[in-house]
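Colleague: Okay, here's the structure, questions in a sec.
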Amino acid sequence: MLSILSRTGLFLVVLALAGCSPSLQDERPPNVILIFADDMGYTDLSSFGQQGWQTPHLDRLGAEGARFTDFYVPTPACSPSRAALLTGRYPLKAGVREVISPRTLRGLPETERTAAEIFRDAGYQTGMVGKWHLGAHPDFLPTNHGFNSWFGLPYSNDYSPRSINNPRSYAVQWMELPVLRDTTIVEREPDQRQLTERYTKESIDFIRTNKDQPFFLYLAHSMPHVPLWVSDPFVDASGAGLYGDVIEEMDGSTGRIMAELEALGLEENTIIVFTSDNGPWLLMGDHGGTRGAFREGKATTFEGGVRMPAAIWAPGQITPGQVISDPVISMDVLPTVLNMAGIALPSNLDGIPLDGALTSDATLDSERPLFFYRSGQLRSMRKGKWKLHLPHAYTSILEEWGGRPGSGGHPGGYGRAEIGTALYDLETDPSESVDLAASRPDIVAQLMVHIEDARDRIGDELTDHVGSEATPPQFIDAVWPTLEGEPAPEGK
């Protein structure tokens, strides 16, 4: 299959021989928009089984593009998941093993090359709108990682002493929640009812400003992470409670961005990818998302924590209406969009390009091993239909382990659970309920070969393995810019 660049070049030659002048739209590479939700469940979209509320615009992405039924993130937590998406590398390789607290002097290492840096170096305008959560000190903010502009929050919307019913009992440690434009705080404790609306307007403004040049936009929604908020037009609009209202506003945001692309004539030259950073926060009960038949949710490497709803939309560039059921992972997004833009891939990526399957009859490697981590611990993996869990303790929302979901914005409580070596056939048992490890020791042995390789290369804190390809966390020797009355930084 010809690459996007070679096909474009051939097209331009044909036009020149015919005495025609190609339009700017024909000459320029595609725009790329990544939309990343926060704590969204697998069945939170209508196209993934949701019946309580409607998501027509997010569903349209997959209906006119491709929908992924077995799309994973390598970790069920905010910061490392974002590092993986933006670098195309496993979190331990990207130097982000766990969630980065607001007051630490730690962040995404400067040695990591992000999607924004790659697109910027290829001549794109790069912008970010929304939640960053890869280091809140000015040295780590998005404009130091390849983004020409940024508007949003440096971390999750619940890191605030004013958050009502805050599940983080230590929230009083944090300064007032700041809103930043680039590296300047422009507001503190914003009206969170307007967050999604403001993100949408900022995204549309970025598109309008850069309509005449290729652009890369990363829209990282703060929702549906708690505390949940919606603007007035969406209050009680879903008929399914506040969580449904939040999802419908995010869906409407996507629809407005798509409409703007169409109004500017950019839809045939723009790629949109949508997914979430991890599964639903079941601790929050009716203020958390839905996981369908999957086991557990956020903070675990069961399917409910790491399998995400995902879609890619690229009119005129990929075959519409596809359903991709091969296992893929969020690190595949970067090489895919780079390939579609004709930009050379970095040699150190863990993801693989998926555009061959999206644009031609090429097939994906359905037997590729995928590894799932939690706070640096290698806890499970998938290869083909098989899912292997390694012995570890985890927090559970299930009553049998002492867990209980919350309600009305009040968190419930986690129980402490443990699992030994366990093997599941996801084709027949997506709920991970029937352990086949004892009856299929041959499969366990085959998968353990890949586990040992991952421990050696990526690392595993469960077994005290330091991966040969891992990047140490980056701390900086700096003084945190504090205001009077704010707490001292946590340091290292």
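Colleague: Is it the case that Leu283 is closer than 24 Å to Ala393 by Cβ, surrounded by fewer than 24 Cβ atoms within 10 Å (Cβ to Cβ) and over 15 Å from the mean Cα position of the chain (by Cα)?
Modeller: Yes, satisfied.
Colleague: Every residue in the range 85-102 that is over 13 Å from Gly146 (Cβ atoms) and touching a strand residue (DSSP E or B) at 6+ places or on another chain (Cβ under 9 Å), please.
Modeller: Correct list: Leu85, Tyr90, Pro91, Leu92, Lys93, Gly95, Val96, Arg97, Glu98, Ile100.
Colleague: If you don't mind, another one. Could you list all residues from the range 353-394 that are over 19 Å from Thr428 (Cα atoms), surrounded by fewer than 21 Cβ atoms within 10 Å (Cβ to Cβ) and of a type in the set (Asp, Glu)?
Modeller: Asp361, Asp365
Colleague: Residues that are touching a Pro at 6+ places or on another chain (Cβ under 9 Å), closer than 26 Å to Glu268 by Cβ and buried (at least 21 other Cβ atoms within 10 Å of the Cβ): does the range 237-247 have at least one?
Modeller: no
Colleague: Continuing with the same structure: So which of Ser276, Ser325 ends up being assigned by TED's automatic domain parsing to the domain that holds Ile33, closer than 26 Å to Arg379 by Cβ, surrounded by 24 or more Cβ atoms within 10 Å (Cβ to Cβ) and not aliphatic (A, V, I, L, M)?
Modeller: Ser276
The rows are residues; the columns are (1) within 28 Å of Tyr424 (Cα to Cα); (2) of a type outside the set (A, V, I, L, M); (3) touching a Lys or Arg at 6+ places or on another chain (Cβ under 6 Å); (4) without any contact (Cβ under 8 Å) to a residue 24 or more places away in the chain.
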| site | (1), (2), (3), (4) |
| --- | --- |
| Met284 | yes, no, no, no |
| Arg307 | yes, yes, no, no |
| Ala311 | yes, no, yes, no |
| Gly316 | no, yes, no, no |
| Pro320 | no, yes, no, no |
| Ser325 | yes, yes, no, no |
| Met331 | yes, no, no, no |
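Colleague: Please state which one of Ala237, Ala259 is within 21 Å of Gly52 (Cβ to Cβ), without any contact (Cβ under 8 Å) to a residue 40 or more places away in the chain and not in a strand (DSSP E or B).
Modeller: Ala237
Colleague: Being more than 24 Å from Gly376 (Cα to Cα) and not in a helix (DSSP H, G or I): is that true of Ala299 here?
Modeller: No.
Colleague: In this structure, does Pro76 turn out to be surrounded by fewer than 24 Cβ atoms within 10 Å (Cβ to Cβ) and in the same structural domain as Pro327 (by TED's automatic domain parsing)?
Modeller: no
Colleague: Quick one: which residue in Glu399, Glu452 is free of Cβ contacts under 8 Å to residues at least 24 places away in the same chain, within 30 Å of Asp158 (Cα to Cα), outside the structural domain of Ala293 (by TED's automatic domain parsing) and out of contact with any strand residue (DSSP E or B) (no Cβ under 7 Å at 6 or more places or on another chain)?
Modeller: Every option except Glu399 fails the conditions.
Colleague: To continue, here is another question. Could you grab me the full set of residues in the range 152-190 that are of a type in the set (D, E, K, R) and either at pLDDT 95 or above or outside any loop (DSSP other than H, G, I, E, B) (or both)?
Modeller: Arg181, Asp182, Glu187, Arg188
Colleague: Pull up the range 38-79, narrow it to residues that are in contact with a strand residue (DSSP E or B) (Cβ under 7 Å, 6 or more places away or on another chain) and in a helix (DSSP H, G or I), then point me to the one that is farthest from Ser366 (Cα to Cα).
Modeller: That would be Leu58.
Colleague: I would also like to ask the following. Specify the residue that is farthest from Ser253 (Cα to Cα); the eligible residues are those in the range 186-207 that are in contact with a Ser or Thr (Cβ under 6 Å, 6 or more places away or on another chain) and among the charged types (D, E, K, R).
Modeller: Only one residue fits best here, namely Arg193.
Colleague: Residues in the range 114-143 that are surrounded by fewer than 19 Cβ atoms within 10 Å (Cβ to Cβ) and either modelled with pLDDT under 95 or of a type outside the set (Asp, Glu) (or both): how many?
Modeller: Count: 6.
The values are calculated or read from the model by the stated rules, or taken from the named source; none is laboratory data. The model shown is predicted, which means the values in this text are computed figures rather than measured ones. Cβ: placed from backbone, ideal geometry, glycine included. Neighbour counts: every protein chain shown.
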